[in-house]
Every structure is written in C-alpha cells, then in structure tokens.
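The values are calculated or read from the model by the stated rules, or taken from the named source; none is laboratory data. Quick caveat, the model's predicted, so the values are computed rather than measured. Don't worry about glycine lacking a Cβ; one is built from the backbone with ideal geometry, like all the others, and counts go over all protein chains shown.
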Amino acid sequence: MIRDSLIRKKEIHLKMAKRKLSEKTEAAMEELRKLVGELASQRKLKQAIVAVESGDRSFRWAGAEGESDSEGGRISEDTPFFIASIDKLYNAVVAMTLNEAGRLNLDEAIAAYLPAAVVRGLHRIGGTDHSERITVRHLLTHTSGLPDWIEDRPRGGASLVETVLEEGDRAVAFEEFIEIVRGRLQPHFPPQDLSARRPKIRYSDSNYMLVAAIIEAVTGTSLERVHEERLYQPLGMRHTYFPGLSRPLEPAPAPMVLRIKGEPLSIPLLIKSFKGIYSTAADNITLLRGLVRGEVFQNPETYTLMGSRWLRFGFPTDRAALRSPVWPIEYGIGIMRFRPPRVFTPSAAVPAVVGHSGSTGCWLFHCPELDLLLCGSVDEVTAGPVPYRFVPRILRLLGRAK
C-alpha cells in the first residue's frame, strides 16, 4: 500500500514536470515567433527565416516572416534562400571527403592540382612569386594572403561587387577571375607558416573559388554534381541546388528575394559565376546535423579536425574587410567559431557556436553547449553582421527554457 502511494506520487510529479516543460517550450516558441517578427521588421530588412532544432530532435521550431515577391506572396520556413558563404562549409566538407579518400592532400601545393597557367603569378609581392607555396590548407583556412576578387578594390578603381551594383549583373568566367586576382589586385601577405603560433588570416572569396576548381580537377566532374553525389543524395537534402547549373532533387518553392537595402537585387549571372547555392533551413540543418553526428565522413574525427585549430580574424583595416568576418570570429578548416566576448554580454555569458555565416545575413551554427542547431537568413546584402547580433538572442532565450 505504501509502495502504491509512492508510485502514484512519482507519477504525479512526473506529470507536473512534463507540464512545466511543455509550458516552457510553448513560451519559448512564442518568444521565437516574436523575435522573427522583430528581425523581419528591422530597418532595411523585409524578410526572415529562422529554424532551431535540438540535437535529439525533441525540440524543433521554424518560422518565417515577409513577402516572397512584389505580388504579396508570403515566404514560409520551406522557402529556399541564397546561402552566400555558407557554401564555403559545403565545399570544405567535400574537400575533406576527398582528403579522407586519399585523393586530395591538404598540405600539397595547389600547383599539383591546377594548371601552371592558372597558378603562375597568382600571388606576387614585391617581385617575388609566392604562388607555388600556396597549399590547399592555406585556401581552406584563409591563410594564403590572396586578395578577395569580389570585395577588394584595385588601385584607383571599384571592387567587382561595387561595379555590379552600379552597372548591373554580369557573368565572370573563371579565366577572368584569375586575371582579376593576378593582374588587378594585390595580395595582403605571403602564404603563412602554419606551424607558427599566430599565422595571419584574411578572409578571401578567391580562396574558395580555387578550392572549387581543385575539387572539379580532382574528381573530373562539375562541382554541382560532386555536391549531389557526396552530400545531397546521401543526406537527403532534397531542396538544395546551384541556380543556373542544377535543380533540386525534388521541386522546391520559389526562393526568397535577394535584396539590397530592402530593394530586390537580381544578380543571377554573378551568382552562377561563383557557383552560389540556394537551400532551405531544413536542408542546411540536415547537413550540419550529419557533421555533428559523424554521418558525413568515413572517420567522425575528420569533423573534429576541421575545428582542431582556431585562428582569430583581426580588426578591419580597410573598406573591404568591413564586409568580411572580423574579430572575434575565428576560423578553422572551412568552419567558423563565434563566442561573444564577455564585455559584450555582461549579464551572462553566451555559449560559442560553430558553423558558418554569409554576407547576406544568413547563418548555420551548432551550439555544442546547448546542443542546438540553428539556421536562418534575411537575404539582405548589407546584413552580414545580423547573425552575430541575432543568434545570441536565440541562445539566451532557449538557454533559459532548458
């Protein structure tokens, strides 16, 4: 009889605990809805997609706010968006699968994989050609010193992105990309000694254009096909594609409108030129979950290797650097880590997140401390800093709800 009474009390306490947990979860979801609404209504922003999942999938939430087109259609959490530099994580993952298979050596010079006509004179400082010293690892860690073909300005001229925004969309062939880097721009520093305590690091889209070219050279097939075979099909990423080059494995809704200062921006030719990717929040989280759970690589330690050494970006010293990741963001092998300095969060520390962000205000992060997967976008060219202001708000909210 006493035993039956204890069992009933335990059942009552368990029901009360579940009710409290459910109430906290519902409250957290309502707060998340408010946060997305606030984000989409900020000045210059017109839209937002946000998705959050716990590692064990016991908590899953996604929301969207904004118009999908000029006719007043609404976006949803399933709307694809331009993932900008999150694609660097994708390409780094592909490179690491090739490394595992023995087809790509991270410490091999890029001259072993690319034609001499591409490599020669690509990195010249003061009459010295450092091009033969650049390794695949230099590219993946942004330690090559190569200029950024999109953001950097030639002496007395405009950057490529400034030119496109001023004059309109245009295609850029790979040969022109090489000519821009070799002939119009100056490297920032020599390829770094990666055994040094603090190698220099400078974010450059040129690095990952070369990574993509190396992937294609090693596999003998197109980047989009490699992605499909190594990522999208095995992981079930059904709505991820290269616009103008491939289609999603299953039909996807019309994508979110890319904007600049709130106004639509149509640059399909440029996006196709640098092999940009459109994806959904769900597909992005699928990729990150696969990495975290050891489902992408043959050896789960390969993902650990990508974050085994973090190099911290410096403070911006020129206009181009203002649009790129800077302190306190750190970089590994194709992957970022962000931990807000305590001086910025005096009330309570915010845990670190690992993943990647993009200059259009998109993000894909895992928070190991809370075991949360977070993805989202506002698809706004001027919104690069948004993830680093918004994601900590989500972490504080869900940290309190645990």
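Can you name the residue in the range 75-124 that is part of a loop (DSSP other than H, G, I, E, B) and β-branched (Val, Ile, Thr) and, of all such residues, is nearest to Leu146 (Cα to Cα)? Can you show your working first?
Here is the first cut: in the range 75-124, the ones part of a loop (DSSP other than H, G, I, E, B) are 75-80, 83-85, 101-108, 113-115, 120-123.
Narrowing the set further to residues that are β-branched (Val, Ile, Thr) leaves 75, 79, 83.
Working: Ile75: 38, Thr79: 35, Ile83: 23 Å.
Applying the filter and picking the extreme gives Ile83.
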Inset, instruction - Test Leu291 against the criterion of being touching a residue at least 24 places away in the same chain (Cβ under 8 Å), among the aliphatic types (A, V, I, L, M) and crowded, with 21+ Cβ neighbours inside 10 Å, and give yes or no. - result: yes
Inset, instruction - Give Lys44, Lys34, Lys24 a once-over and let me know the one that is without any contact (Cβ under 8 Å) to a residue 60 or more places away in the chain, more than 30 Å from Gly294 (Cα to Cα) and not in a strand (DSSP E or B). - result: Lys34
Inset, instruction - Find the residue count for the range 161-208, including only residues that are closer than 20 Å to Ser324 by Cβ, touching a Lys or Arg at 6+ places or on another chain (Cβ under 9 Å), part of a helix (DSSP H, G or I) and of a type outside the set (Val, Ile, Thr). - result: 5
Inset, instruction - Consider only pairs whose beta carbons are under 9 Å apart and that are at least six residues apart or on different chains; among these, list those whose first residue lies in the range 174-189 and is β-branched (Val, Ile, Thr) and whose second residue is in a helix (DSSP H, G or I) and loosely packed, with under 14 Cβ neighbours inside 10 Å. - result: Ile178/Ala117
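Go over the candidates Asp152, Asp169, Asp205, Asp193 one by one and state the one that is touching a residue at least 60 places away in the same chain (Cβ under 8 Å) and surrounded by fewer than 16 Cβ atoms within 10 Å (Cβ to Cβ).
Values: Asp152 fails: surrounded by fewer than 16 Cβ atoms within 10 Å (Cβ to Cβ); Asp205 fails: surrounded by fewer than 16 Cβ atoms within 10 Å (Cβ to Cβ); Asp193 fails: touching a residue at least 60 places away in the same chain (Cβ under 8 Å).
Result of the check over Asp152, Asp169, Asp205, Asp193: Asp169.
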Inset, instruction - Kindly indicate whether any position in the range 20-43 is buried (at least 17 other Cβ atoms within 10 Å of the Cβ), within 30 Å of Leu270 (Cβ to Cβ), touching an Asp or Glu at 6+ places or on another chain (Cβ under 6 Å) and at pLDDT 90 or above. - result: yes
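Residue-by-condition table, conditions (1) without any contact (Cβ under 8 Å) to a residue 12 or more places away in the chain; (2) surrounded by fewer than 17 Cβ atoms within 10 Å (Cβ to Cβ); (3) farther than 17 Å from Leu89 by Cβ:
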position	(1), (2), (3)
Asp318	yes, yes, yes
Ala321	no, no, yes
Phe338	no, no, no
Ala349	yes, yes, yes
Gly358	no, no, no
Leu373	no, no, no
Ser377	no, no, no
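Could you tell me whether Glu132 is more than 30 Å from Arg289 (Cα to Cα), surrounded by fewer than 20 Cβ atoms within 10 Å (Cβ to Cβ) and touching a strand residue (DSSP E or B) at 6+ places or on another chain (Cβ under 7 Å)?
Yes: the conditions hold for Glu132.
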Inset, instruction - Kindly provide the set of residues from the range 209-237 that are polar (S, T, N, Q) and not in a helix (DSSP H, G or I), ordered by number. - result: Thr221, Ser222
